[in-house]
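Coordinate-derived values only; no laboratory data. Model, not experiment: these values are computed from the prediction. Please note: Cβ atoms are built from the backbone with ideal geometry, for glycine as well, and neighbour counts cover all protein chains shown.
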Amino acid sequence: MLLFILRRLGVMLLTALALTFIVFYLTNLPPNLEKLAKSEASVRMTDDQVVSWIENNGFNAPVVSRYAQWLGVMPGWTKTLDTGEVRGRCIARGQDPATVASYCGLLQGTWGMSTVFKKPVTEVLGRGLGQTGWLMLAVMLVMVPTSLLLGVLSGMREGSRTDRVLSTFAIATTATPEYVSGVIFIALFASATTGISPLLASWGWIEGKTLFMGTATSAMDDITFWNFALPVMTIALYGIGYIARMTRASMTEVMTAQYIRTARLKGVSFGQVVLKHALRNALIAPFTVIMLQFPWLLNGVVIVETLFNYKGFGWTLVQAAGNNDIELLLGCSVVAVLVVLVTQLISDIGYVFLNPRIRLS
Amino acid sequence: MEPLTWGGVFAGMFVRFIPVWIALIVAFALSLRFKRRLGLFGKLFDSPVGMTGFGIVMFWVFTAIFADMISTMDPLGQFSGSKNALVGAALKAPDEGAYTHFLLGADHVARDVFSRMVMGARDVLKIAPAATVFAFMVGVTLGLPAGYFGGKLDTGLSFLANLVLAFPVILLFYLLVTPEIVQTGIPIYFAAVLFIFPIVFLVLLFQSRYFTNPPKRNLYVGLTLLFGLWAYSGLAFNMDPIGLFSMDPNLLNVFVSVVFVNSPGVYRIVRGMVMDIKTRDYVAAGQTRGEGPWYIMLWEILPNARGPLIVDFCLRIGYTTILLGTLGFFGLGVSPESPDWGSTIDDGRKLLSIVPHPALVPALALMSLVLGLNLLADGLREESLKD
């Protein structure tokens, strides 16, 4: 078991290194650096000035060495300009070069400065992740119980009318990406001109103009049902169908097993069979599926936070990518890659723990 | 001119879609008539779910084909004074003989929503199936040997596949689909690698089967190489000597990224199935006869894996459609003016709570197409499991 976990950790580390290097390479392409030079120094720079800016700021070193510096396994570059000023990766403006550490990268906790927000990347990311954490918590609380319930109910009696209806619902939700369901939800529940809000307002049932709020900006300070329900529902809906289908497949398989038939023939009631005998075995597969949904949830988070203007991690990523904020984008990628890899690891290990039939040695 | 009522709007749309209705009736009549001779496709018509899915998918396919006849106005044309016109509103000053109403209203720069939706179907259905086919070629060509030979090849390819799969899709798109990337020429390298796979696949396919019959082999392989490399030079490098095959750099970038994201998934499915099927007796029989490994992979294993692959193909077109929509939604699509559904949703979402119809119409269109593909896949799966 220990060996298995160690090997998984090794592969994970290798994957993380490869992925961050790819992101580093793609964000540090020459055109991006040119754009950075123009946005940081002056828009009307000549080509020569751009080249000298790139040189003076240490961007002309080979990509691998810059990657190692960014990671913190190589000492940061230093350079003495013609003016006598000493510049370096680890030297902030106006700092004495003699006093700074020679290594400054990810491993040392130096994630750089965001050029859009003019703040350290760690601070921007920390705030965004905090906001997204609440969103994800709410999504999980809605998505997991709903989808498991739907899956178990439809898998309990395969081919029944309940099964048909719930399966169709599940297919419909997997066909509805977040940007579609979000648009439909806003039009239905949060528009002053269409959907049910004008009707409710004319009856005097709601105080404001709309039932739900079309943006979740106010949820950043104070989460209420009315400003948070739509974004949460939008993300959860896409996952519900998928997890429910997996649960259903696993449940139907378990329900045809011999021990279930034995229990039924012994005279145990159907409800007891489902709750006591089938459920535990049927929930092994959905566990891995829920864990592997995290990369998709990340996708949903980016779309929903953009659509509902909720300034969390996804919104930060869009801002970083849209404004060529290289350090922030790298920070976002590190977080995203880590989230994906850690959930994969948990799902692998959890699967082994939950399913006694799998032996690793 | 009076604005149309809801009934008028639906009647108007029904009339515009007449070519589609006729084509649908013909398609269904022919399929039902020759149901027993069409194999898996014919069996699809035994399942109501599959038939519904097929109907929805074909509706959009025919809409894309007849888009010029169906659309009421120029999808890029702007009609002054009709900004955000409501559903069924009349044109302020219609030209002589031109259509007089905005069937589904107008958007924030006064373009006809209905025509944009119809033309958008063409954009989506041009890219999504083609990208899925390429992804399948890549996934199949790499997944077959990985599953069949195993060993170092399998370890290496699987690591690469997991690498791509571990990448958050949205991040990958933000890194790959930018104007800067087009400048560096990276999409062309990607295309150079990804577009070679269909040629490799077909050459291996014919070579492994007909190498004992040189005239036939030379004909098939020669034709594949001739047309394959011709298209390859045009599509990947934009250097087609005659100019028949070419691709806009932005479109190429989108296309390549979507293929790149999709192929590891196909690879994993193919690899898993090959590992299962290669233990069967007919594979052992082939090996005993002395057949080459590629013959066994392409002519013995692949045909026996077709059921799940066809189902996955349908699902994957839907998934690709969603991906293309995501790209459009973040403004990374083909061109800002383009009527494809993702970009139109992005355009419409700024005024969503005041005038929802410009975003709602393409959103529902996209949803129905993906739903149709999912239902079709479900029907196919059900019917293929019955044997």
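Considering helices alone, the calculated mean residue ellipticity of chain B at 222 nm is -23000 deg cm²/dmol, with DSSP H runs of length four and up weighted by -39500 (n - 2.57) and normalised per residue. Decide, for the stretch A:90-235, between rounded, prolate and oblate: order the square roots of the alpha carbon gyration tensor eigenvalues as a ≥ b ≥ c, take rounded if a/c falls under 1.5, and otherwise choose prolate if a/b is larger than b/c, else oblate. Oblate shape, in that a/c is at least 1.5 and b/c is the bigger or equal ratio. Rg/Rh, computed from the Cα trace of the stretch B:235-387 with Rh as the Kirkwood radius, has the value 1.12.
For the pair B:Leu30 and B:Asp248, the difference between a 0.36 nm per residue extended length and the Cα-Cα distance amounts to 74.7 nm.
Taking every residue in B:362-370 and counting other chain Cβ atoms within 10 Å of its Cβ, the average works out to 4. Normalised size of the stretch B:122-317, defined as Cα radius of gyration per 2.2 N^0.38 Å with N residues, equals 1.09. Overall shape of chain A was characterised from the C-alpha gyration tensor. The equivalent ellipsoid obtained from it has semi-axes of 48, 30, 15 Å, in decreasing order.
Every pair of different Cα atoms in the protein assembly as shown enters the Kirkwood calculation, which places the hydrodynamic radius at 28.8 Å. Rounded, prolate or oblate for the stretch B:266-331? Axes are the square roots of the Cα gyration tensor eigenvalues, ordered a ≥ b ≥ c, and the cut-off for rounded is a/c under 1.5. Prolate.
Taking every full run of DSSP H in chain B, the ones that stretch at least 30 Å from end to end by Cα along their long axis and average 0.0 or higher on the Kyte-Doolittle scale are B:113-149, B:214-237, B:249-277, B:306-329, B:357-386. Annotation: extensible slack from B:Leu364 through B:Leu225 equals 45.8 nm (criterion: 0.36 nm per residue apart, minus Cα-Cα distance). Comparing A:Thr80, A:Leu33, A:Thr20 along the charge dipole axis of the stretch A:2-108, the residue lying farthest to the positive side is A:Thr20, per the Cβ-charge model. What the pair-distance distribution of chain B shows, using all Cα-Cα distances binned every 20 Å from zero, is 24, 53, 21, 2 percent. With neighbours defined as other Cβ atoms within 10 Å of a residue's Cβ, the residues A:Asp222, B:Asp312 order from fewest to most as A:Asp222, B:Asp312. Highest-first packing order for the peptide set B:221-230, A:150-159, B:108-117, B:64-73 is B:108-117, A:150-159, B:64-73, B:221-230, based on the mean count of other beta carbon atoms within 10 Å.
Computed from the alpha carbon positions, the gyration tensor of the stretch A:2-108 leads to an equivalent ellipsoid with semi-axes of 32, 19, 9 Å, biggest first. Spatial offset of the stretch B:51-78 relative to the stretch B:309-387 amounts to 14 Å, using the alpha carbon center of each. The charge dipole of the stretch A:1-160, taken about its Cα centre with unit charges on the Cβ atoms of Lys, Arg (+1), Asp and Glu (-1) only, comes to about 400 debye. From the alpha carbon centroid of the stretch B:271-305 to that of the stretch A:39-107 is 57 Å.
Only Lys, Arg, Asp and Glu count, each charged at its Cβ (+1, +1, -1, -1), so figure out the dipole size of chain A about its Cα centre, rounded to 20 debye. So the magnitude is around 1660 debye.
Using Cβ point charges alone (K and R +1, D and E -1), the dipole size of the protein assembly as shown about the Cα centre works out to roughly 2640 debye. For the peptide A:157-168, the mean number of other protein chain Cβ atoms found within 10 angstrom of a residue's Cβ is 1. Only aspartates and glutamates eight or more places from A:Lys119 in sequence, or on another chain, were considered; those with a Cα closer than 14 Å are A:Asp325, A:Glu327.
Left without a cysteine partner by the 4.7 Å Cβ rule in chain A: A:Cys332. Counting only alpha carbon atoms, the long axis of helix A:178-189 and the longest principal axis of chain A meet at about 70°.
The helix-based estimate of mean residue ellipticity at 222 nm for chain A, built from -39,500 (n - 2.57) per DSSP H run of four or more residues and divided by its residue count, is -21000 deg cm²/dmol to the nearest 500. Among A:Phe228, B:Phe136, a tally of other beta-carbon atoms within 10 Å of each Cβ gives an order, fewest to most, of A:Phe228, B:Phe136. For a 19 Å ceiling on Cα separation, which of these pairs sit above it: A:Lys79/A:Lys118; A:Lys38/A:Lys118; A:Lys35/A:Lys118; A:Lys118/B:Lys350; A:Lys118/A:Lys311? Pairs exceeding the cut-off: A:Lys79/A:Lys118; A:Lys118/B:Lys350. Between helix A:30-40 and chain A there is an angle of about 70 degrees, using the helix long axis and the longest principal axis of the Cα atoms. Would you list, by chain and number, the aspartates and glutamates whose Cα falls below 20 Å from the Cα of B:Lys278, excluding same-chain residues fewer than 8 positions away? Those aspartates and glutamates meeting the cut-off are B:Asp154, B:Glu291, B:Glu300.
With the Cα gyration tensor of the stretch A:244-361 giving a ≥ b ≥ c as the square roots of its eigenvalues, does the rule (a/c under 1.5 for rounded; else a/b larger than b/c for prolate; else oblate) give rounded, prolate or oblate? Prolate shape, in that a/c is at least 1.5 and a/b is the bigger ratio.
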